[in-house]
Structures are given as C-alpha cells and as structure tokens.
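The block underneath contains the structure these notes are about, expressed in structure tokens.
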Amino acid sequence: MKIHALLLALLLAPALSAAPADHPETGAPSHSVRVTGAVKAPAEFDVAALQDLVARDTGPVDVVCASGATVGSVQNFRGVRLTDVIDRVGIDVQGHKDARRMVILARATDGYLVTFSWNELYNSPIGKDVLVAWEKDGKPLEAREGQLLLISGQDIKTGPRHVRWLSGIEVIRME
Ligand SMILES: Nc1nc2c(c(=O)[nH]1)N[C@H]1C(S)=C(S)[C@@H](COP(=O)(O)O)O[C@H]1N2
Ligand SMILES: [Mo]
C-alpha cells in the first residue's frame with residue numbers, strides 16, 4: 001500500500017508541477033482594455049471602439065516562448081497600434097523631458113503583466129508592430145486568448161509579449 005502510494009506520487013509529480021506554474025489558464029476573457037495612469041483622460045475601449053482606429057495587420061508571426069520553443073504559428077493578427085490607442089487618450093506629458101521617463105504596462109485578466117517603455121513604443125522600430133488585436137487568421141480570438149490580446153511582432157521571443165486576455169494599459173511616470 002505504502003509503496004503504491006509512493007509510486008503514484010512519483011508518477012504524478014511531473015504532471016502536477018510542470019506546465020501549470022508557467023502557463024496558468026485561470027484568466028477570464030477580456031471584453032475591453034482600460035487605459036489609465038499618467039494620461040489626460042482614462043478611457044475604456046471595447047472591440048467596437050478599437051475598430052474606429054486605423055486597423056493594422058502583423059503578417060506571419062511565430063509565437064516563441066522565452067524557453068525557445070515555438071508554441072504557435074500565426075499568419076496574421078489584426079488590430080490597432082498600441083500607440084494609436086494611447087494617443088486617443090493622450091499621455092500627460094509635462095514638458096520636453098517628461099515622456100522619455102514613462103513606462104507602459106500591459107495587464108491581462110489572469111494577472112499576467114509585461115512592460116514597455118515610451119522610447120520603445122515611440123522612438124524605436126518596435127512600436128509600429130505592437131498591436132492590440134481582436135482577430136487571428138481572419139477569425140475573432142477564441143475565449144482562451146481573447147477577445148483582445150497584445151502582440152509585439154518585432155520581439156526576438158514573441159511569446160512573452162503575446163498577452164492573452166489583455167484588459168489594461170497603464171502609463172507610469174517613473175520617479
Ligand atoms: N494572459 C496571459 N498571457 C500569456 C501567458 C499567460 O500566462 N497569461 N503566457 C505567456 C507565455 S509564457 C507564452 S510562451 C505565450 C504562449 O502563447 P499561447 O499560450 O497562446 O501558446 O503566451 C504568453 N501570454
Ligand atoms: Mo512562455
């Protein structure tokens with residue numbers, strides 16, 4: 001009996017400890033993105049509101065985990081530039097040297113969080129391919145990743161800043 005329990009524990013241990021910590025599936029679908037923080041007027045955008053902005057396409061993107069594993073291959077994400085969304089709200093810039101100290105957080109419903117800097121988004125080639133997307137390969141996003149996600153198409157490892165269930169953008173002025 002004791003030995004059976006031990007064997008069972010040994011057999012189950014890898015299954016219990018492997019994927020869930022890295023890839024929790026505890027988020028709820030997001031239906032809108034709230035833009036808050038150091039902005040002129042916080043606002044919330046649902047898919048319809050985002051579709052009022054200029055739509056962009058990423059073209060082919062491999063989703064590559066930080067581990068190096070390719071976990072997905074997408075022909076196209078369709079959405080709008082994160083900078084276009086932020087510009088709708090307007091960063092609260094206090095003078096010539098202020099914008100450059102801003103960082104931008106992207107948050108998901110499961111607590112997943114990634115960072116950008118103002119310079120990355122507005123002063124490097126990365127920014128033009130950072131999209132808030134509602135469509136993958138011509139179809140609305142499925143519940144496990146949408147309705148909205150963020151993708152940074154120029155990243156070397158695209159997995160980390162492939163934010164499923166995107167629900168918030170926060171602009172922070174670093175002190
Ligand atoms: N909301 C959310 N987005 C997330 C994650 C997560 O845990 N929560 N995991 C990331 C990781 S580690 C990777 S590699 C990619 C993988 O994309 P996939 O889950 O669609 O395969 O999503 C990223 N986006
Ligand atoms: Mo990952």
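The values are calculated or read from the model by the stated rules, or taken from the named source; none is laboratory data. Note that this is a predicted model, so its numbers are computed, not measured. All Cβ positions, even for glycine, are placed from backbone atoms using ideal geometry, and neighbour counts span all protein chains on display.
Which residue, of I169, I126, is more than 10 Å from ligand 1 (Cβ to nearest atom), at pLDDT 95 or above and surrounded by 20 or more Cβ atoms within 10 Å (Cβ to Cβ)? Walk me through how you get there before you give the answer.
Working: I126 fails: surrounded by 20 or more Cβ atoms within 10 Å (Cβ to Cβ).
Just a single option satisfies the conditions, and that option is I169.
Counting only residues that are assigned to a loop (DSSP other than H, G, I, E, B), in contact with a helix residue (DSSP H, G or I) (Cβ under 7 Å, 6 or more places away or on another chain) and aromatic (F, W, Y), how many does the stretch 131-175 have?
So the answer is 0.
Cβ-Cβ distance below 6 Å, separation of 6 or more or different chains: which pairs start in the stretch 50-63 with a residue that is of a type in the set (S, T, N, Q) and end on one that is buried (at least 16 other Cβ atoms within 10 Å of the Cβ) and part of a loop (DSSP other than H, G, I, E, B)?
From the stretch 50-63, the pairs are T58/G153.
Give me the pairs, please: first residue somewhere in the stretch 159-170 and within 11 Å of V114 (Cα to Cα) and among the aliphatic types (A, V, I, L, M), second residue anywhere and in a loop (DSSP other than H, G, I, E, B) and more than 6 Å from ligand 1 (Cβ to nearest atom), beta-carbon distance under 8 Å, and either six or more positions apart or on two chains.
L166/S30; L166/L148
If we scan the stretch 90-106, do we find a residue that is within 16 Å of ligand 2 (Cβ to nearest atom), within 15 Å of the chain's Cα centre (by Cα) and either farther than 21 Å from R173 by Cα or touching a residue at least 24 places away in the same chain (Cβ under 8 Å) (or both)?
For the stretch 90-106, residues within 16 Å of ligand 2 (Cβ to nearest atom), within 15 Å of the chain's Cα centre (by Cα) and either farther than 21 Å from R173 by Cα or touching a residue at least 24 places away in the same chain (Cβ under 8 Å) (or both): present.
Can you tell me which residues in the stretch 48-77 are assigned to a loop (DSSP other than H, G, I, E, B) and away from ligand 2 (no atom under 15 Å from the Cβ)? Lay out the reasoning, then the answer.
Here is the first cut: in the stretch 48-77, the ones assigned to a loop (DSSP other than H, G, I, E, B) are 51-55, 58-60, 65-69, 75-76.
Within the stretch 48-77, Q51, D52, L53, V54, A55, T58, G59, P60, Q75, N76 qualify.
Kindly indicate whether any position in the stretch 79-91 is surrounded by fewer than 20 Cβ atoms within 10 Å (Cβ to Cβ), at pLDDT 95 or above and under 20 Å from P29 (Cα atoms).
No, every residue in the stretch 79-91 fails to be surrounded by fewer than 20 Cβ atoms within 10 Å (Cβ to Cβ), at pLDDT 95 or above and under 20 Å from P29 (Cα atoms).
Just a yes or no: is a residue in the stretch 129-146 acidic (D, E), within 19 Å of A38 (Cα to Cα) and out of contact with any Lys or Arg (no Cβ under 7 Å at 6 or more places or on another chain)? First the steps, then the outcome.
To start, the set of residues in the stretch 129-146 that are acidic (D, E) comprises 129, 135, 137, 142, 145.
From what is left, the residues that are within 19 Å of A38 (Cα to Cα) are none.
Scanning the stretch 129-146 turns up no residue that is acidic (D, E), within 19 Å of A38 (Cα to Cα) and out of contact with any Lys or Arg (no Cβ under 7 Å at 6 or more places or on another chain).
Can you work out which of the residues in the stretch 107-121 that are over 10 Å from the mean Cα position of the chain (by Cα) and assigned to a strand (DSSP E or B) is surrounded by the most Cβ atoms within 10 Å (Cβ to Cβ)?
So in the stretch 107-121, the residues over 10 Å from the mean Cα position of the chain (by Cα) come out as 109-111, 116-121.
Next, only the ones that are assigned to a strand (DSSP E or B) stay: 116-117.
Numbers: F116: 24, S117: 17.
Of everything passing the filter in the stretch 107-121, F116 is surrounded by the most Cβ atoms within 10 Å (Cβ to Cβ).
Tally the residues that are touching a Leu at 6+ places or on another chain (Cβ under 8 Å) and within 12 Å of ligand 2 (Cβ to nearest atom), restricting the search to the stretch 159-173.
Here the count works out to 4.
Determine which member of the set T58, T109 is of a type outside the set (A, V, I, L, M), closer than 23 Å to A143 by Cβ, within 16 Å of ligand 1 (Cβ to nearest atom) and in contact with a Ser or Thr (Cβ under 6 Å, 6 or more places away or on another chain). Let's see the steps before the verdict.
Numbers: T58 fails: in contact with a Ser or Thr (Cβ under 6 Å, 6 or more places away or on another chain).
Of the residues listed, the single one that is of a type outside the set (A, V, I, L, M), closer than 23 Å to A143 by Cβ, within 16 Å of ligand 1 (Cβ to nearest atom) and in contact with a Ser or Thr (Cβ under 6 Å, 6 or more places away or on another chain) is T109.
So in the stretch 140-158, with the set limited to residues that are within 22 Å of D110 (Cβ to Cβ) and surrounded by fewer than 19 Cβ atoms within 10 Å (Cβ to Cβ), which one is nearest to ligand 2 (Cβ to nearest atom)?
Narrowing the stretch 140-158 to residues within 22 Å of D110 (Cβ to Cβ): 140-152, 155, 157-158.
When the remaining residues are screened for being surrounded by fewer than 19 Cβ atoms within 10 Å (Cβ to Cβ), the result is 140, 142-144, 155, 157.
Numbers: P140: 23, E142: 18, A143: 20, R144: 15, D155: 12, K157: 8 Å.
Once the filter is applied, the top-ranked residue is K157.
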